[in-house]
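One structure is given below, encoded as structure tokens.
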Ligand code: SF4
Ligand code: SF4
């Protein structure tokens, strides 16, 4: 017991090593790969992002001017961001909200809808 006493005293008067999650949420590191977001008004439907995506998460229909993302296939590698000539895809450092289903996000060009 005497051997353990210094450790007990140290632990009694030091801060806990763990965080009181969810009350205390750790700040994300700079350049955290959270998820990608698409800005349809910048897109010219060139299909470069879909061709470069290693997980097949992006589908671009040039004729119908639609851009489709299957977010739960995305591995946030940023290849589409690097390859987009119009900077229409950007990295958001916040994690995507967890979900029970795997929705597909479909964006249509406003120009096509008119
Ligand atoms: S690479 Fe950029 S401009 Fe081309 S289809 Fe993808 S998001 Fe649109
Ligand atoms: S970040 Fe990578 S995996 Fe995700 S959509 Fe872009 S290219 Fe595909």
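State which residue pairs qualify: first residue over 15 Å from residue 29 (Cβ atoms) and inside the stretch 76-93, second residue part of a helix (DSSP H, G or I) and at pLDDT below 95 in any location, beta carbons under 8 Å apart, and separation of 6 or more residues or different chains. Within 8 Å, the pairs are 88/40. Applying the criterion of being closer than 14 Å to residue 81 by Cβ and part of a helix (DSSP H, G or I) to the residues of the stretch 29-50, the residue that is farthest from ligand 2 (Cβ to nearest atom) is 42.
Condition check: touching a residue at least 60 places away in the same chain (Cβ under 8 Å) and surrounded by 11 or more Cβ atoms within 10 Å (Cβ to Cβ). Does residue 62 satisfy that?
In short, no.
Can you find a residue in the stretch 59-71 that is in a loop (DSSP other than H, G, I, E, B), near ligand 2 (Cβ under 7 Å from one of its atoms) and within 16 Å of the chain's Cα centre (by Cα)? No. Scanning for something within 14 Å of ligand 2 (Cβ to nearest atom) and either surrounded by 14 or more Cβ atoms within 10 Å (Cβ to Cβ) or not in a helix (DSSP H, G or I) (or both), does the stretch 17-26 turn up at least one residue? No, the stretch 17-26 contains no residue that is within 14 Å of ligand 2 (Cβ to nearest atom) and either surrounded by 14 or more Cβ atoms within 10 Å (Cβ to Cβ) or not in a helix (DSSP H, G or I) (or both).
The values are calculated or read from the model by the stated rules, or taken from the named source; none is laboratory data. Given the structure is predicted, the values throughout are model-derived calculations rather than measurements. Ideal geometry is used to build each Cβ from the backbone, glycine not excepted, and the neighbour counts take in all protein chains shown.
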